[in-house]
Amino acid sequence: MNIDSSIGIEIEDAADTRPILIIPYMWIGDFVRGHTVVRVLKQRWPNRPVDLLVTSLCAPLVDYMPGVRSGIVWDLPRGRLAVAKQTGLAAQLRAKGYGTALVLPRTWKAAIAPALARIPERVGFFGEARFGLINRMRWDEKSKRLPRFIDKNAALALPAGAKLPPEWPVPQLRVPPEEAARWRQANGLGTGPAVALGPGSVGESKRWTYYPEAARLLAERGFDVWVVGGPGEKALAQEIVVAGGGKVRDLTGNDLRNGVLAMAAASVAISNDSGLMHIAAAIGTPTMGIFGPTSPYLWAPLNGLAATVLTTTKLSCQPCQRTVCTMNDHRCMRDISATDVADIAQRVLHEAAPR
């Protein structure tokens, strides 16, 4: 075996061409972070194709992930077992001849289709007592050597008990510049410097309070401002547009590809701890992450951020990881001012290389 000294992961049998399936987490940010798992697998087995199970929502991301052969789009309902859909998925997986399946979620349901498909090697953590469904069980999910979500997921791509590399390979989303330029032209967005705002998140407590005021300040300083997100952010986007004026555009919608291209075309992105933050960072757009109830150590992108924005107020409850604030009237977010964020964004824009 040879060693890739850059990340310390052993390269194994190059003659092995059996396909690998990853069952990832389907939240957008977690799905993006799952690309690290792809990169670890491709380092170990450069000639084994890697496929991802994917929901309709996350499917556009696969088109921009190097090292992924294809995405298998299959929407399983969250609230029920859906035996018929599991059986249909298993039949599709069986036909592809996978040699290995990595089941990242800990749930019983996530492991059913790979087991029904009789994939020979099914790797996952103990989770919900998945005996028989997972046949390469890992028991160290809660060990001190795997403190972060990314550590747990990427460790599944290595042999059991293997020494972890000093750094994991970072997620990558490669968006062709010409595709981003065509998207910008098609939407009438000009060619000037633009700030993309990601005001949404899963969990109300992670949403920064002052996006409307920040949009106004940035527009007054001459920047185009784009509000990016899903249909759930439409009302907030309209509020931001009204506050910011004519240089602010609402780009929220149902297609995640629109969000990917917006983050690729922007000069800088400002986002809560959310999927869009991970998308922008994986693309390489200078990204400002605003953190309140969550820990940047645990949840910031591996790619690194142009700025990690936190309140200077010392709060005993922070980080709480709660989806709704129950203490201190959301001060972890309310004490981050719009002026500070606009000033940091302007500095980041000036420091960033021309895009």
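The values are calculated or read from the model by the stated rules, or taken from the named source; none is laboratory data. Since we're looking at a predicted model, the values are computed, not measured. Cβ sites come from the backbone with ideal geometry, for glycine too, and all protein chains shown count toward neighbours. Surface accessibility is based on the protein's heavy atoms, side chains included, excluding ligands, DNA and RNA. Shrake-Rupley method; radii C 1.70, N 1.55, O 1.52, S 1.80 Å.
Values for this structure:
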quantity	calculated
Candidates A115, A82, A307: whichever shows maximal mean-square fluctuation once the chain is modelled as a Gaussian network with Cα springs under 10 Å	A82
Relative contact order, percent, the chain [alpha-carbon distance under 8 Å, six or more residues apart]	15
Per-residue [θ]222 nm for the chain (sum of -39500 (n - 2.57) over DSSP H runs n ≥ 4, rounded to 500)	-9000 deg cm²/dmol
Estimated vicinal HN-Hα couplings, Hz - segment 177-182 in sequence order (Karplus 6.51, -1.76, 1.60; Gly, Pro = x)	x, 5, 5, 5, 5, 5
Accessible surface of segment 189-254, 1.4 Å probe, proportion on carbon and sulfur as whole %	52
Relative contact order computed over segment 267-355 (Cα-Cα under 8 Å; 6+ residues apart), in percent	28
Amide H partners (placed H, <5 Å) of R249, local residues excluded	V225, W226, V227
Residues of the chain: accessible area per residue with a 1.4 Å probe, Å²	44
Built amide H within the under 5 Å cut-off of F125, gap 5+	R138
Surface/4 of the Cα convex hull for the chain, nm²	18.7
Proximal charge balance of T191 [Cβ under 10 Å; K/R count +1, D/E count -1]	0
Degrees separating the helix 256-265 axis from the principal Cα axis of the chain, which is the longest one	60
Distant-in-sequence amide H partners of I72 (H built 1.01 Å from N, under 5 Å)	L52, L53, V54
Rounded to 10°, Cα long-axis angle of helix 211-220 versus longest principal axis of the chain	60
From phi via Karplus (6.51, -1.76, 1.60), per-residue ³J(HN,Hα) for segment 184-199 in Hz, x at Gly/Pro	5, 5, 4, 9, x, 9, x, 10, x, x, 10, 10, 9, 9, x, x
Cα-based shape type of segment 194-289, given that a ≥ b ≥ c are square roots of the gyration tensor eigenvalues and the cut on a/c is 1.5	rounded
Nitroxide proxy distance, nm - points 7 Å out along Cα→Cβ at V242 and D13	6.4
Above-threshold pairs, the threshold being 30 Å between Cα atoms, out of K96/K152; K42/K142; K247/K314; K85/K152	K247/K314
Solvent-accessible surface (1.4 angstrom probe) belonging to H350, in square angstrom, nearest 10	140
Mean Cα-pair separation over length for segment 3-156, i.e. relative contact order, pairs under 8 Å, 6 or more apart, %	21
Degrees between helix 83-95 axis and first principal axis of the chain (Cα, 0 to 90, nearest 10)	70
Estimated vicinal HN-Hα couplings, Hz - segment 107-114 in sequence order (Karplus 6.51, -1.76, 1.60; Gly, Pro = x)	6, 4, 4, 5, 9, 5, 4, x
D_trans [Stokes-Einstein, Kirkwood Rh over alpha-carbon pairs] for segment 34-99, 4 °C, 1.567 mPa s, µm² s⁻¹	98
